[in-house]
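Just below is one structure, and these are the notes that go with it.
Derivation of every value follows stated rules applied to the coordinates shown; laboratory data play no part. What you are looking at is a predicted structure, and each value in this text was computed from that prediction instead of being measured. As a convention, Cβ positions derive from the backbone with ideal geometry for all residues, glycine included, and neighbour counts pool all protein chains shown.
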Amino acid sequence: MTEELEGIGDRLRDERTKAGISQRELARRLGLSPSLISQLESGLSKPSVGTLYAIVTELDLSLDKLLRGADHSPSTSSPGGKAAVANGGPSPLVHPYDRESIDLDSGVRWEQLSRDTDQGIDFLHAVYEVGGASTPDESLMRHNGKEYGFIISGRLGIQLGFDTYELEPGDSIGFDSTQPHRLFNVGDEPVHAIWFVVGRTNDHRISP
């Protein structure tokens, strides 16, 4: 596994320990096996989108803190070494090579598009590889908040309860994340999309 994934596993373990929750108890609350929690924390397995959302929601953890870590400081310099802003403070600009990212199970990649997530918004470039899906085996997930997405390329299927929609480039969608849902690539090329999740951390009691 990459150092990036191992770092995320370390942070998940640290946050679980701070919350005073054992691996077995966290697994029980989420309906997962203790061995899976152990593998995720040790960097031996990748979480699916549904599993990651379930864990960070239960631990009341932001994606920003998960990806960057508590001591992460945004870079203030460009590759050429010039100050990003005149006053030397952190730049609000995020270059493609500066994005914090995570490769999830089932062929999904998240890239964070903003340094500032203080308002409880997950602002992401989401990539679904061919055959990729937010949850495996056609299972559905749900969590607090609302989601808004815009398709850049590829074809993305979205199941909301008993209804299924197919989005193509230029299509957009918004829905309540408390509805059971699943996102999956239905084409023969990767899906690239811009995705917002708003209000996920307002109530960590909602189950996946």
Starting with the highest mean, order 15-22, 131-138 by the number of other Cβ atoms within 10 Å, averaged over the residues of each peptide. 131-138, 15-22
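Could you list 158, 37 so that the one with the fewest beta carbons within 10 Å of its beta carbon is first and the one with the most is last?
Ordered from fewest to most neighbouring Cβ atoms within 10 Å, 158, 37 come out as 158, 37.
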Taking a ≥ b ≥ c as the square roots of the eigenvalues of the Cα gyration tensor, with a/c under 1.5 meaning rounded and otherwise prolate when a/b exceeds b/c and oblate if not, the range 1-64 is rounded
Label-point separation, residue 38 to residue 140 (7 Å along Cα→Cβ), nm: 3.4 nm
Counted charge near residue 19, where neighbours are those whose Cβ lies closer than 9 Å (Asp, Glu -1; Lys, Arg +1): -1
Which residues does the label zone of residue 168 cover in the range 136-156, counting backbone N under 12 Å from a point 7 Å along Cα→Cβ? 154-156
Work out, step by step, the length gained on full extension between residue 114 and residue 28: first 0.36 nm times the residue separation, then minus their alpha carbon distance; give nm to one decimal. 27.6 nm
